[in-house]
Amino acid sequence: MRKLIITNNSFVYEKYNEKVELVDLNGYTYLQVLEYTRDKIHQGHKLLTHPLSGSVKPNETPFKSIVISKEQLDLDFEGLCIIEDSIASTKKFLENRPTPRCGEKIANDFRLIDLSLTENAINKMNGL
Amino acid sequence: MRLELGKIKITDVQFGDATKVEGGTLYVNEQELIDIAMQDERIKSVKIELARPGDSIRITPVKDVIEPRVKVEGAGVMFPGMVGNKVKTVGTGRTHALVGSTVITCGKIVGFQEGVIDMSGPIAKYCPFSETYNVCVVITPQEGLGTHAYEAAAREAGLKIATAVGEAGRNVEPDEVVVYETKPLLEQVNEYPDLPKIGYIHMLQSQGLLHDTYYYGVDAKEIVPTFMYPTEIMDGAITSGNCVAPCDKVTTFHHLNNPVIEDLYKRHGKDLNFVGVILTNENVFLADKERSSDMVGKFVEFLGLDGVLITEEGYGNPDTDLMMNCKKATDAGAKVVLITDEFPGRDGKSQSLADAKPEADALVSCGQGNIILNFPPMDKVIGMLDYIESQIGGYEGSLKPDGSIEGELQLVIAGTIANGYNKLAARTY
């Protein structure tokens, strides 16, 4: 199964753009990345990584990368449930308090964490 | 496996010429501890500071908390597989613990994810480490050192210093000796044939940078679920390498002093038969979740468990593992109780976890992390306040000019820790 990365994180883009097929959502919000992914799952792509990876909560970091299958198969219903629950959680947190603007240094820390979580998942996908 | 845990009660901490315990006071030689940390060339400088209960001191950003312990009899050493220690199965013989003292590593790793300990004032009651005598190791890395390398350097410095401090308890007569014993499965089942067989499913944070835990030195994201004697954990077989949300961070201290294991042993042979720990991880890749939770379910069936307790670490991604483990343990024939904390929004009305299953019908809550607290100013800060507003639970405007903080409970180390080593709970009426 080939992979497709959906990301709004420039660190992930820079590392994987030439190696793995990638949808660059630079400028999208965390929630918009989740919603874009949800639409892809409806089109038959399979969810491969957890959308709420990391214990950084959805209203704390602006950056999110998710890996799905490049192939479109039968509807991944479990994946759809997970992404819908994740969207609901994200909206709950944003309602509580919107994501703060963060300085470039902190933003880079958030990018680094998201990259690390994504790398670890991709490194484990060799068997696919 | 049988372990005698000798508890040496520490009632004060002071600097001294030698690192030793005398009359309940822990003396630490400042330079000796600095030298241990400075052996690592990734570290630029180290400061040792002491914090006692009641002091007007705020410690932040906190990375790890470690209880000093030493193995005095039996195979292996504390923290096997870490900091160059031999990998040898631990959990038997005798271990001495300096109960009431800790080693705390602090300093900025990344600009969030590390928390606050107040030694006095209204916030102190949310944190168990406001009641301990703390040796704080404030670390500054070499300039330009990458985050991964710095995390490793800070983690290793903490373990090495805690080992050196623990050594002070080697020849001290403990105030109390507690014996913990779990026998090999068939013997253990036969010992209390009429009592329900209970296991503990222990989920380790294992997602990536600052979300890692180590099992005998192995990064937990690389393990498949395995079985442990509970006493192995008391000897440091599991160590923390993470900086997740401060309120539910499981520090190395919490692994050594896991309250689920402690309480199951208290009832062992009375109204239940505690047969052991199933260890599993919390990965990002969904296929890993499927594999790990299947194997957890297989263990529950194979061990013939009647009931299990499950704890998790973190929010979001781990909630999915929690629910998968709950369902598969239920399907394997066990009754399941979950222990976790909640993030239901400030009004407490939203769903507490990011995932749910019908099988999750018994849950112990360790409190909710979204409530807003006011942290009064303290006379002294160990570490720095520079990052408060970007630390999890802090926000723009959190830090006031007088040094006070308005922020969520999430900021407090172990405020809602999801294994119950805290003071909050939810009750239904």
Look through segment A:40-69, keep the residues that are more than 14 Å from chain B (Cβ to nearest Cβ) and more than 13 Å from the chain's Cα centre (by Cα), and return whichever of them is surrounded by the fewest Cβ atoms within 10 Å (Cβ to Cβ).
-> A:Q43
Quick check: anything in segment B:406-429 facing chain A (nearest Cβ under 10 Å), modelled with pLDDT of 90 or more and either in contact with a helix residue (DSSP H, G or I) (Cβ under 8 Å, 6 or more places away or on another chain) or farther than 29 Å from B:K327 by Cα (or both)?
-> yes
Name the residues in segment B:85-96 that are buried (at least 24 other Cβ atoms within 10 Å of the Cβ) and not in a strand (DSSP E or B), would you?
-> B:V90, B:G91
Per the filter on segment B:262-282, residues of a type in the set (A, V, I, L, M, F, W, C) and assigned to a strand (DSSP E or B) are B:L272, B:F274, B:V275, B:V277, B:I278, B:L279
List the pairs whose first member sits in segment A:1-15 and is closer than 14 Å to A:K40 by Cβ, whose second member is open to solvent by 80 Å² or more (accessible area, probe 1.4 Å) and acidic (D, E), and whose Cβ atoms are under 6 Å apart, counting only residues at least 6 apart or on separate chains?
-> A:L4/A:E21
Could you tell me whether segment A:114-123 includes any residue that is more than 7 Å from chain B (Cβ to nearest Cβ), within 16 Å of B:L353 (Cα to Cα), modelled with pLDDT of 90 or more and open to solvent by less than 30 Å² (accessible area, probe 1.4 Å)?
-> no
Within 30 Å of B:I388 (Cα to Cα) and either free of Cβ contacts under 8 Å to residues at least 12 places away in the same chain or not in a loop (DSSP other than H, G, I, E, B) (or both) - does that describe any residue in segment B:65-84?
-> yes
Residue list for segment A:70-106, restricted to those being of a type in the set (A, V, I, L, M) and more than 9 Å from chain B (Cβ to nearest Cβ) = A:L73, A:L75, A:L80, A:I83, A:I87, A:L94
Does segment B:71-85 contain any residue that is within 14 Å of chain A (Cβ to nearest Cβ) and among the basic types (K, R)?
-> no
Subset of segment A:29-65, residues in contact with a Lys or Arg (Cβ under 8 Å, 6 or more places away or on another chain) and of a type in the set (S, T, Y), comes to A:Y30
Only one of B:L272, B:L286 is closer than 19 Å to B:E222 by Cβ and hydrophobic (A, V, I, L, M, F, W, C), namely B:L286
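The values are calculated or read from the model by the stated rules, or taken from the named source; none is laboratory data. In this text, all values refer to a predicted model and were calculated from it rather than measured experimentally. Quick reminder, even Gly has a Cβ in these numbers, built from the backbone with ideal geometry, and neighbours come from all protein chains shown. Ligands, DNA and RNA are excluded from the accessible area calculation, which covers all protein heavy atoms including side chains. Shrake-Rupley method; radii C 1.70, N 1.55, O 1.52, S 1.80 Å.
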